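Note sheet for the following structure.
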Amino acid sequence: MLVWVIYDIAENQVRKKVSDRCKDYGLYRVQKSVFLGDLNTNQRDSLAIQCEELIDVDIDSVYIFPMDEESFRKVKLIGQAFDRDLVSDEVLTTFF
């Protein structure tokens, strides 16, 4: 299932670790604190557990939003949808 991972993390080192975990799961960076990709239920749960272990739950936040393909096709993109320096051309062709 398509999954969005969005986070707000205070410390650079922790933010980097969460970013690395997202990349390890094959997610693509859409913006600096936003990743998108396909994860099954087990992967999604595992990523959530790993993020919870890394962050300070009193000040940081990580959101993992599942989204079906039909809903994703209804997403409205306004302005600069994706930072082309952060997302490869290969992934952009999937979205447009």
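Between Glu11 and Met67, what's the calculated FRET efficiency when r is the beta-carbon distance and R0 is 25 Å? Round to 0.05.
Here the calculated transfer efficiency is 0.35.
Here the Karplus relation 6.51 cos²θ - 1.76 cosθ + 1.60, evaluated at θ = phi - 60°, turns the backbone of region 37-44 into coupling constants of x, 9, 9, 7, 4, 5, 5, 4 Hz, with x for every Gly and Pro.
Counting 0.36 nm for each residue step from Gln31 to Glu53 and taking away their Cα separation leaves a gain of 5.6 nm.
Straight-line cross-link partners of Lys16 among the lysines, defined as a Cα under 16 Å from its Cα and at least 8 positions apart when in the same chain: Lys32.
Each listed q (0.17, 0.21 Å⁻¹) maps to a log10 I(q)/I(0) for region 1-73, found by the Debye formula over equal Cα scatterers with no solvent: -0.56, -0.85.
No value in this document is a laboratory result; all are computed from the given coordinates. It should be emphasised that the depicted structure is a prediction, and the values quoted were computed from it without experimental measurement. Neighbour counts run over all protein chains shown; Cβ positions are idealised from the backbone, glycine included.
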